Every structure is written in structure tokens, then in C-alpha cells.
1. Would you calculate the separation in nanometres between label points at CYS24 and THR37, each defined as 7 Å from the Cα along the Cα-to-beta-carbon direction?
2. Counting other C-beta atoms within 10 Å, which of ARG35, ARG45 has the fewest, and how do the rest follow?
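Read the figures in this text as sums done on the coordinates, not as results from a lab. Just so it is clear, the model here is predicted, and its values are computed rather than measured. Neighbour counts run over all protein chains shown; Cβ positions are idealised from the backbone, glycine included.
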Amino acid sequence: MLTNRESTDGDDGPKQFLVTCEGCSFEHAVDGRERATVIGTDHRRETHHEVVAFEVPPSLGSS
Ligand SMILES: [Zn+2]
């Protein structure tokens, strides 16, 4: 399970997601899962491509 609530208390706003398409080179980074879903659904509706949204982990090494 990927639960990282030790170092970060979730105060850094919505998570960032990278929406990519398996059918073309479509790629879009957004904040929040809802926006990723909206963009992914929008692209899939227009192109009928398979769209995948990855959760982008917060950049480490900032301590
Ligand atoms: Zn596409």
C-alpha cells in the first residue's frame, strides 16, 4: 500500500496527476484527481483513445 502520511500531512494542496494517452502523444499534467478525470474523459470522448492518469509523487529531497 502506498500510504505516505508520515512526512507530509497533506497540506500541500491537491495531488498532481499526469494524464497520458496510449493512442497518441497526448500528455497533460493537472492538479487534483478530478481535473485529471475530466481531461482524460474529455480526450477519450473526442478520440476514443485509452487514457491513463498517473499520480505524480511530490518531489523528494526538499528537506
Ligand atoms: Zn489520444
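1. 2.4 nm
2. ARG45, ARG35
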